[in-house]
Amino acid sequence: MHYFDYNSTVPVTSDARTAWTNANAEHWFNPSSPYLQGSSVRVRLDEARASFASLLGCQPKEIIFNSGATEGNNTAINYFSRTCERGKRILVSSIEHPSVREPALRLDKEKIQWVGVGSDGVVDLELIQDQITSGCIHAVSVMAANNETGVIQPWMEIQDICRSTGTLFHCDAVQWIGKLNCKDLGVVDFVTGCAHKFGGPKGCGFLKIPESSDHVSILQGGAQEGGYRAGTEDYPSIISMLAALNVANPIDSKLRDSFETELSRLVSGIEVVGGDSLRLANTSMLIMPQFENHRWVNRLSRRGFLVSTGSACASAKEGPSYVLKAMGIAQESASRVVRVSSSSSTDSHAWQLLAEAFCEVFLELQAEKPSSGIIAV
Ligand code: PLP
């Protein structure tokens, strides 16, 4: 099996598995319990928090552990909504993950200002700057890198504009963390991170918040996480997430780029979405020259190559990707889109085999007669 869907999820690394197993064997006590075993887990939890803070370049008390990116993103948008003064708005990019987009769509229309992207998949920085300097923006939410296209967003520039104008900034860095250096993320007010995208367990993540963001939590209950997030902390998952991040390796774009060149040679008429933009080194979103994407994905999967039609979250829903729509890509072209995403352990041989498998599938689909009335998938 050749897995090429790492933007969807990453297998738990062996370090992360060991850390999780050991913690569940030895340090499974409730960190809020009043006896020694509980306080020992509390100490370890705070050590893990300090390590995360140091990796991100922020203060330990600014790290809130939670159940993952969906919770983190919902928390940030909810907090912005609750703290937004009348007449001000929250600026959200039109390519955000559904865990930002859906809570934003549920807010009063006058509270939200959407900001689009160009055909390159990059958010309109000039518009963001104009909106922020006009003084009507309470907070901004723009992701670090898009999960579908891999296109990197100018989050550092946005952070600078926000900082100089006192505007809150939230950055969903789920696809960035573990692939690129996260040292500078700590300067951003709100940062979402998610363990299973970099080799940690599912259902675990964190939200970096600015100090003293009172009542940030969307969960009501106990006073865990310094009162910022109710619910017993899952120390084994948290230490496992840290172990995964500690061994995450940067990915070289050379292999992905060679694959794109080779694939274009084997299957003519392929388009790379955001091909001229700065992208995550592991991601390739391709518009195939013919045939609906589900047919490509099914045929490739039968040959042992696991790729996706876009984001895993969007694939259960009908209709073309809103990300591609925001980039001005026609619905018909969007229906032919296939996303390939690798890890640092994907070697050139695996990429070559994938290119050849695409070519075989292309020939197979072309050879079939649509006039039979039955379209095989
Ligand atoms: N944000 C981005 C950019 C993502 O890619 C994902 C998952 O695909 C999420 C948020 C949500 O992650 P989860 O479903 O693990 O909460």
| query | Could you say whether any residue in segment 233-245 is open to solvent by 30 Å² or more (accessible area, probe 1.4 Å), within 22 Å of residue 175 (Cβ to Cβ) and in contact with a Leu (Cβ under 9 Å, 6 or more places away or on another chain)? | reply | no
| field | Candidate set from segment 49-108 (those that are aromatic (Phe, Trp, Tyr) and farther than 21 Å from residue 236 by Cβ); member that is surrounded by the most Cβ atoms within 10 Å (Cβ to Cβ) | value | 80
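Which one of 15, 5 is in contact with a helix residue (DSSP H, G or I) (Cβ under 6 Å, 6 or more places away or on another chain), of a type in the set (Asp, Glu) and modelled with pLDDT of 95 or more? Walk me through how you get there before you give the answer.
Numbers: 5 fails: in contact with a helix residue (DSSP H, G or I) (Cβ under 6 Å, 6 or more places away or on another chain).
Just one listed residue meets the conditions, 15.
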| query | Of all strands (runs of 3 or more DSSP E) completely enclosed by segment 125-206, which ones contain at least 3 residues that are within 12 Å of the ligand (Cβ to nearest atom)? | reply | 168-172, 190-194
| said: Going by what's in this entry, would residue 130 be described as open to solvent by 70 Å² or more (accessible area, probe 1.4 Å) and assigned by TED's automatic domain parsing to the domain that holds residue 74? | reply: yes
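Any idea which residue in segment 28-74 is farthest from residue 104 (Cα to Cα), counting only those that are within 16 Å of the ligand (Cβ to nearest atom) and of a type in the set (A, V, I, L, M)? Reasoning before the result, please.
Of the residues in segment 28-74, the ones within 16 Å of the ligand (Cβ to nearest atom) are 64-74.
Still in the list and also of a type in the set (A, V, I, L, M): 64, 69.
On the way: 64: 22, 69: 15 Å.
By that ranking, first place goes to 64.
It is to be established whether one or more residues within segment 208-219 are under 30 Å from residue 4 (Cα atoms), touching a strand residue (DSSP E or B) at 6+ places or on another chain (Cβ under 8 Å) and in a loop (DSSP other than H, G, I, E, B). Don't jump to the end; show me each part of the working.
Taking segment 208-219 first, the residues under 30 Å from residue 4 (Cα atoms) are 208.
If we keep only those that are touching a strand residue (DSSP E or B) at 6+ places or on another chain (Cβ under 8 Å) as well, we get 208.
Remaining after also requiring in a loop (DSSP other than H, G, I, E, B): none.
No; the residues of segment 208-219 include none that is under 30 Å from residue 4 (Cα atoms), touching a strand residue (DSSP E or B) at 6+ places or on another chain (Cβ under 8 Å) and in a loop (DSSP other than H, G, I, E, B).
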| task | Tell me, yes or no, whether segment 236-252 has at least one residue that is of a type in the set (Val, Ile, Thr), more than 15 Å from the chain's Cα centre (by Cα), away from the ligand (no atom under 16 Å from the Cβ) and not in a loop (DSSP other than H, G, I, E, B). | result | yes
| Only one of (1) in contact (Cβ under 8 Å) with a residue 60 or more places away in the chain; (2) not in a loop (DSSP other than H, G, I, E, B) is not met by residue 120, so which one is it? | (2)
| query | Under 6 Å by Cβ, and 6 or more places apart or on different chains, what pairs join a residue from segment 243-256 that is farther than 21 Å from residue 50 by Cα with one that is open to solvent by less than 60 Å² (accessible area, probe 1.4 Å) and part of a helix (DSSP H, G or I)? | reply | 255/351
| Of all helices (runs of 4 or more DSSP H) completely enclosed by segment 263-377, which ones contain at least 1 residues that are touching a strand residue (DSSP E or B) at 6+ places or on another chain (Cβ under 9 Å), at pLDDT below 95 and aliphatic (A, V, I, L, M)? | 312-315
| message | Looking only at segment 15-40, filter to residues that are in contact (Cβ under 8 Å) with a residue 60 or more places away in the chain and not in a helix (DSSP H, G or I); which one of those is least open to solvent (accessible area, probe 1.4 Å)? | response | 31
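The values are calculated or read from the model by the stated rules, or taken from the named source; none is laboratory data. Small disclaimer: the values here were computed from a predicted structure and weren't measured. Note that we place each Cβ from the backbone using ideal geometry, even for glycine, and neighbour counts take in every protein chain shown. Ligands, DNA and RNA are stripped out before the accessible areas are found, and what is left, the full protein with its side chains, is counted by its heavy atoms. Shrake-Rupley method; radii C 1.70, N 1.55, O 1.52, S 1.80 Å.
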